[in-house]
Amino acid sequence: MKKGKLAIRDLTLIAALTTVLFVQEQLLSFIPNVQLTVFLIVLYSKKFGFIKTSVITIIHVLLDNLFMGGINVYFTPAMLIGWLIIPLTLCTIFKKANTNISLAILGILYSLIYCWIYIIPNSILFKISYIEYLIADVLWELVLAASSFISILVLYNPISKLFEKFNIGVRWYEYKRSNFK
């Protein structure tokens, strides 16, 4: 298999992981800003790298927006930027962050950045000042930051080990094809 091409296994994995990302968000949508999205994108970034995680994230954003009523020119780009910051930074400037505590702290940062990206479209759409929006949203930002921190802190190590146990992740190409015949 040449590097850069997606195998059937990769496509299946991307579809399955996108489904997990989408379904958990819908199942938890009755609790405002409590979700496992930051945790899962962090996990995927560390296990699958930038390209595959970006594909998963883009598909997720499109599905989420279509499911919630259509592609919105204000919110879809904000959501896409907010979620793509995670794989971009974890695969570049924060690539050495590998402990659950360092990733949990980054989860707080990612949650806040994600929320702050929405200040601009919400201020334009609802014609309120940035400060008014920030004040009104601060509680929900803290809820998302706390749920991201706790989920990464508690779930990252066990789920990461589970992925390793089943040889799921970026090391897939390091195994010889003969191991799978």
_Is the C-alpha gyration tensor of the stretch 122-162 telling us rounded, prolate or oblate? Criteria: a/c under 1.5 is rounded; beyond that, a/b larger than b/c is prolate, otherwise oblate._
prolate
*How many nm separate the modelled label positions at Q24 and A7, each set 7 Å beyond the Cα in the direction of the Cβ?*
2.5
*Taking the chain as a Gaussian network, where each spring joins two C-alpha atoms under 10 Å apart, which residue of S148, S160, S111 fluctuates the most?*
S160
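Would you mind calculating the gained length between W140 and K95 on full extension (0.36 nm times residue separation, minus the Cα-Cα distance), in nm to one decimal? Mind dumping the intermediate values first?
Details: separation 45, 0.36 × 45 = 16.20 nm, distance 2.82 nm.
That works out to 13.4 nm of additional length.
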*Run the 1.4 Å probe and let me know the accessible area of I71, rounded to the nearest 10 Å².*
90
*Counting only protein heavy atoms, what percent of the accessible surface of the chain is carbon or sulfur at a 1.4 Å probe?*
73
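Sort L36, L66 by heavy-atom solvent-accessible area, probe 1.4 angstrom, most to least.
Numbers: L36 55, L66 110 Å².
Ranking L36, L66 by accessible area, largest first, yields L66, L36.
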_Can you tally the lysine pairs in the chain where the Cα-Cα distance is under 16 Å and the two residues are eight or more apart, or on different chains?_
14
_1.4 Å probe accessible area per residue over the stretch 62-159, in Å²_ = 56
*Where in the chain are the helices, taken as whole DSSP H runs, whose Cα atoms extend 24 angstrom or more along the long axis and whose Kyte-Doolittle mean reaches at least 1.0?*
8-27, 37-67, 100-117, 130-165
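Would you rank I119, I41 by solvent-accessible area, highest first, keeping every protein chain in place and using a 1.4 Å probe? Write out the running numbers ahead of the final one.
Numbers: I119 25, I41 0 Å².
The ranking, largest first, comes out as I119, I41.
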_If you build the convex hull over the alpha carbons only and average its shadow over all orientations, what do you get for the stretch 33-180? Give it in nm² to one decimal._
9.9
_Scattering profile of the stretch 46-110 at q = 0.11, 0.22, 0.25 Å⁻¹ [log10 I(q)/I(0), Debye over alpha-carbon scatterers]_ = -0.29, -0.91, -1.04
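Per residue, how much space in cubic angstrom lies within the convex hull of the C-alpha atoms of the stretch 1-109?
In the stretch 1-109, the Cα convex hull volume per residue is 119 Å³.
Can you give the extra length, in nm with one decimal, that the chain gains between N65 and A16 once fully stretched, where that is 0.36 nm per residue apart less the Cα-Cα distance?
Details: separation 49, 0.36 × 49 = 17.64 nm, distance 1.87 nm.
My answer for the length gained is 15.8 nm.
If you rank M79, M68 by how much accessible surface each has, with a 1.4 Å probe, what is the order from largest down? Don't jump to the answer; show the numbers that get you there.
On the way: M79 25, M68 130 Å².
The most accessible residue leads, giving M68, M79.
The values are calculated or read from the model by the stated rules, or taken from the named source; none is laboratory data. Just so it is clear, the model here is predicted, and its values are computed rather than measured. Reconstructed Cβ throughout: ideal geometry from the backbone, glycine too, with neighbour counts over all protein chains shown. For accessibility, only protein heavy atoms count, side chains too; no ligands or nucleic acids. Shrake-Rupley method; radii C 1.70, N 1.55, O 1.52, S 1.80 Å.
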